[in-house]
């Protein structure tokens, strides 16, 4: 129970810190590439590590960053997003359902 509480506090503080770092990087980053590789990917790697999640990746030699692709997960857990950010060596964006934009603070215009 105590580990769970401290883990959530750490993830919240780490996320806030990396969000501020990402905002600072975005002032000089025009295409979002630096934000992805210098902020989002390290954020996800640290969260996976502190949660004790080990990700095994196979087939990265088949990923060509120059080709457009769609990466899909099956959402077996909340760690799918972190695994994609931490392990895929390409700059990608997320899409989401329109209904999720009705959540307060998440869907601000």
So for 87, 39, fewest C-beta neighbours within 10 Å to most, what's the order?
87, 39
Grab the DSSP H runs of the chain that are 4 residues or longer, score each as -39,500 (n - 2.57), total them, divide by all residues and round the 222 nm result to the nearest 500 deg cm²/dmol.
-13000 deg cm²/dmol
The rounded separation in angstrom of the Cα centers of the range 23-81 and the range 83-101 is 8 Å
Can you figure out the FRET efficiency of residue 14 with residue 56, using R₀ = 30 Å and their beta-carbon distance, to the nearest 0.05?
0.80
The chain shape via C-alpha gyration tensor axes, a/c threshold 1.5:
rounded
Isotropically averaged projected area of the range 39-96, using the convex hull of Cα atoms (one quarter of hull area), nm²
4.5 nm²
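Laboratory data are not the source of any read-out in this text; all were calculated from the coordinates shown. Keep in mind that what you see is a predicted model, and the values were worked out from it rather than measured. All Cβ positions, glycine included, derive from the backbone under ideal geometry; neighbour counts span all protein chains shown.
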